[in-house]
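Here, each number is a calculation from the coordinates, and none is a lab measurement. None of these values were measured; they are calculated from a predicted model. Quick reminder, even Gly has a Cβ in these numbers, built from the backbone with ideal geometry, and neighbours come from all protein chains shown.
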Protein chains: 2
Amino acid sequence: MKNLKGRAVFAQSGGPTAVINSSIAGGLIEALNQDLITDVLCALHGIKGVLTEDFVDIGKEDLSELYALKNTPASEFGSVRYKLKDFNVDDTDYKKILEIFKKYDVKYFFYNGGNDSMDTCDKISRFMEKEGYPVNVIGIPKTIDNDLVGTDHCPGYGSAAKYVATTITEVYKDAVIYESPLVIVLEIMGRNAGWLTASSALASLTGCGADLIYLPEIPFSLEKFKNDVKKVVDEKRVCIVAVSEGIKNAEGKYVGEDASATDVFGHSSLGGVCGVLKSAVKSIGYKCKAIELNILQRCASHVASKTDVEEAFEVGRQSVIHAVNGETDKMIAYVRRDGEYALDFVGKDLSTIANAEKTVPLEWINKDGTGLTQEFIDYALPLIQGEPERRIENGLPSYAKLKMIKFKL
Amino acid sequence: MKNLKGRAVFAQSGGPTAVINSSIAGGLIEALNQDLITDVLCALHGIKGVLTEDFVDIGKEDLSELYALKNTPASEFGSVRYKLKDFNVDDTDYKKILEIFKKYDVKYFFYNGGNDSMDTCDKISRFMEKEGYPVNVIGIPKTIDNDLVGTDHCPGYGSAAKYVATTITEVYKDAVIYESPLVIVLEIMGRNAGWLTASSALASLTGCGADLIYLPEIPFSLEKFKNDVKKVVDEKRVCIVAVSEGIKNAEGKYVGEDASATDVFGHSSLGGVCGVLKSAVKSIGYKCKAIELNILQRCASHVASKTDVEEAFEVGRQSVIHAVNGETDKMIAYVRRDGEYALDFVGKDLSTIANAEKTVPLEWINKDGTGLTQEFIDYALPLIQGEPERRIENGLPSYAKLKMIKFKL
């Protein structure tokens, strides 16, 4: 809806990335500049902060500290694991949100997150439309998993990919110093989409790449894995394996599944893959180190991609510009131009994005299922370029220091 | 011995660091400049490369690539797990080395490594002296463990400490985003000396420090640990634990010991501590993530300390200068000046250094055994300062590319 005048509420959700704060910074700073937006609020801990009216008054923050968010990892305004029900089944939360939107005169709502957050965003947007309440709702994408549909890539992916490729390069140098055979297995995040694990292929450009890369897109066989490792060790002595936490066997069962733990969205809690693969490697007689990159890969802002940081900031800004221009129920997507690398920022219907997952195209995976093709390298390489300027104090990162003053009506 | 003229042989040994190559670069470049040194050779894979006459001719390398070693992690000339016997028991290897030193007219020998390497260096030096063969033998220190005696600190420690403190800072930001209690346990290298684990205390300067720090210098109790964690979670919701792989219980048994694996030096192979602590945390009802920093902490040259890189280069240079000036059977140590941070480079007797370990002074550990005092911060903070220039290509590290041409007589 055009020319809406009122308050804007931002919130963050889902797992952290190195640049999710760059996106919210872009959005907040742009919103402060917009005449149609009377106050800029941030809800703490995602949608929960909306439900509990836990709002920070961004107008009270120093602009320099908002800019410092560009290099502050994780979600500065908190996150939440809370799934809104279908409003046709139970609309309690939605009615509460509507009441609060009315009370605070919220005319713009920005939700910064991944798949599940885009779903939340879409549901709120559709409920408000059904109720006839005028509010422009925009999803600001983020995820290291790079699995949102409708966008060339996701803010956060480039930095995580740069961390993974840099780490593989360093681990390779460490692994080759002895004359004895050694296998190193690195377990990388990505439940159903192998984008981040695939980024280990970028390290091949340094001459220090992963030898074997296993994505969840291809069914995994432990027997084939052992043969693959044997072949590499026979030829090269050292074998670097990059494996997705989400690899599944031919029956579709997660290789690293811990059946005892699922999150509120019903996803299994993974993490045991590198242990399983280490045992397999030891069973064929080689020394093996297993390294789970764990949360380090999603919060390593010290090695963020400048391209990613700047694009993430811009997608935040563009979200506000699109909303003020009347767009609603959209996620702002990256559309890659032909020719030299550059992006357009385009609003795409949230309903086409929520609950869908984009996986690595099978034609970008080599025939043997153990590596990526040049098409993938061409796709991913521009995303990891550049070193962002970052504040350093005492030789350590200096992050944004926000006042976090609560907004009161 | 003064005015020795002949060839110089360098070799690297022990585990990698982010700056061991900076030291060898400093040594090699200085040696190429010295008139008394006729050829500069590097033995591959430590002392084994001497025994097998596997020498690289450094005179054939491009100077720019030797300088690029300053930011190339791990041991470019390989390492080795090989322990020389006591020559009073078996002098076979020593006689072989003497024969090769004579054959190649080796008058300078530089061994770049940690505790075990200084022991190797000392033994070779004493054997050559006993046999009356003139060769100046100098140990070039390195170890992320920072446990060599006689030196203020060790090359490699500052960069590993910077990696640990940076990582703790990022992990802290990631951990606090949810409203539910969370404990994160980071397992850090250091068998008997807690220096590297202690460096997690530096993160407190960012406001994102570790809450509990356990060093091997203090006997560890799982019951006390559980109480410590409870107290922090009650107060702060999130608890970041930094723990040394080498913590031992009151009976002196490693908490993470895997009795089945020992290396050739008889050290136990550690690594299971974070799993043990994770189970303990879960037993008191909290969610826990366990992160083993593994080899990442010793090879992360992308976040190296400029101070460490430059000091490591200089200690390599000084080793050559001291040797050419007639010193032998020494390790070049860092001696910290009073007042503003600066170092002198002083030769210390290898016999006083080999097989000794410097641990963290007990008075630098707080009374509760869970943190470090200001004295430690004052000691360690200068060592992590500065970001080195590094070559980047395609958004990834670009390391030294050596020709590795074999030296032939």
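Observations
- Environment charge of A:I291, counting only residues whose C-beta is closer than 9 Å and scoring Lys/Arg +1, Asp/Glu -1: -2
- Converting phi to 3J(HN,Hα) with the Karplus coefficients 6.51, -1.76 and 1.60 and the offset θ = phi - 60°, the range B:392-406 yields 10, 9, 6, x, 10, x, 10, 8, 4, 10, 8, 7, 6, 6, 5 Hz in sequence order, with x at every glycine or proline.
- The protein assembly as shown - mean residue ellipticity at 222 nm from DSSP helices (-39,500 (n - 2.57) per run, n ≥ 4, rounded to 500): -10000 deg cm²/dmol
- Packing-based ranking, highest mean first, of B:283-293, A:200-210, A:354-364 given that Cβ atoms within 10 Å are counted: A:200-210, B:283-293, A:354-364
- Packing, taken as the mean count of other beta carbons within 10 Å per residue, orders the peptides B:171-177, A:231-237, B:332-338 from highest to lowest as B:171-177, B:332-338, A:231-237.
- For the range A:295-390, the percent of C-alpha pairs falling in each 10 Å distance bin, counted from 0 to the bin holding the largest distance, reads 13, 31, 40, 14, 2.
- Residue among A:F127, A:S117, A:P141 farthest towards the positive dipole end of the range A:110-156, charges placed on Cβ: A:F127
- Position A:K103: other-copy label points at 8.7 nm, ordered by increasing distance, label point 7 Å along Cα→C-beta.
- Extension gain, A:Y67 back to A:T52 (0.36 nm per residue minus Cα-Cα distance, nm): 2.7 nm
- Cα-based Rg / Dmax (Å) for the protein assembly as shown: 28.1, 98
- Given charges at Cβ of Lys, Arg, Asp, Glu: the protein assembly as shown dipole, positive-most of B:C154, A:I58, A:G316: B:C154
- Semi-axes of the equivalent ellipsoid for the range B:43-150, computed as √(5λ) from the eigenvalues of its C-alpha gyration tensor and ordered from largest down, come to 24, 18, 12 Å.
- Stokes-Einstein D (µm²/s) once Rh is taken as the Kirkwood radius of the range A:369-409 over alpha-carbon pairs, at 25 °C in 0.890 mPa s: 163 µm²/s
- For the options A:D91, A:D308, A:D116, a Gaussian network treatment of chain A with springs between C-alpha atoms closer than 10 Å singles out A:D91 as fluctuating the most.
- Antiparallel bridges, percent of DSSP beta bridges restricted to the protein assembly as shown (to nearest 5): 35 percent
- Distances between copies of B:P134, taken at a point 7 Å out from Cα along the Cα→Cβ vector and listed shortest first: 9.7 nm.
- Centre-to-centre separation between the Cα atoms of the range B:368-409 and those of the range A:364-409: 22 Å.
- Each other copy holds its own label point for B:R391; taking that point as 7 Å from Cα along Cα to Cβ, the gaps run 3.5 nm, nearest first.
- Look at the stretch A:75-84: the mean tally of other chain Cβ atoms within 10 Å of its residues' Cβ atoms is 3.
- Net charge in the neighbourhood of A:Y172 (other residues with Cβ under 13 Å of its Cβ; Lys, Arg +1, Asp, Glu -1) is 0.
- The range A:150-292: Rg to Rh, with Rh as the Kirkwood radius over Cα pairs: 0.97
- Taking every residue in A:286-298 and counting other chain Cβ atoms within 10 Å of its Cβ, the average works out to 4.
- On the basis of the beta-carbon distance and an R0 of 45 Å, B:K236 and A:N355 show a calculated FRET efficiency of 0.80.
- The long axis of helix B:115-131 is offset from the longest Cα principal axis of chain B by roughly 20 degrees.
- Percent of Cα pairs exceeding the 13 Å cut-off, where the set is the range A:114-157: 55 percent
- With each label modelled as a point 7 angstrom along the Cα→C-beta vector, the A:T373-B:E389 pair spans 4.2 nm.
- Stretchable slack from A:K103 to A:K287, in nm (0.36 nm times residue separation minus alpha-carbon distance): 59.9 nm
- Cα-based equivalent ellipsoid, the range A:305-352: semi-axes from gyration tensor eigenvalues, Å: 20, 13, 9
- Other protein chain C-beta atoms within 10 Å of residue C-beta, averaged over B:383-394: 3.
- Multiplying the residue separation of A:M404 and A:N325 by 0.36 nm and removing their Cα-Cα distance gives an extension gain of 25.6 nm.
- The Rg/Rh ratio of the range B:91-223, with both radii computed over alpha carbons and Rh defined as the Kirkwood radius, is 1.20.
- Exceeding the 24 Å Cα-Cα cut-off - candidates A:K60/B:K230; B:K289/B:K367; A:K70/B:K70; A:K248/A:K282; A:K173/B:K60; A:K162/B:K306: A:K60/B:K230; B:K289/B:K367; A:K70/B:K70
- Rounded to the nearest 20 debye, the dipole size of the range A:287-409 about its Cα centre is 840 debye, using +1 on the Cβ of Lys and Arg and -1 on the Cβ of Asp and Glu.
- A Förster radius of 30 Å combined with the Cβ-Cβ distance from A:N33 to B:S180 puts the calculated FRET efficiency at roughly 0.25.
- Histogram of C-alpha separations across chain A, 20 Å bin width, %: 28, 53, 18, 1
- Percent antiparallel among DSSP beta bridges (both partners in the range A:34-185, rounded to 5): 35 percent
- Around the Cα centre of chain B, unit charges on the Cβ atoms of Lys, Arg, Asp and Glu (plus for the first two, minus for the last two) sum to a dipole of about 660 debye.
- Cα centroid separation - the range A:303-342 against the range B:41-74, whole Å: 48 Å
- Rounded tilt (10° steps) of B:157-175 against the dominant C-alpha axis of chain B: 20 degrees
- Computed over the range A:38-100, the ratio Rg/Rh where both radii use C-alpha atoms and Rh is Kirkwood: 1.07
- From most to least packed by mean Cβ count within 10 Å, the peptides A:78-85, B:67-74 give B:67-74, A:78-85.
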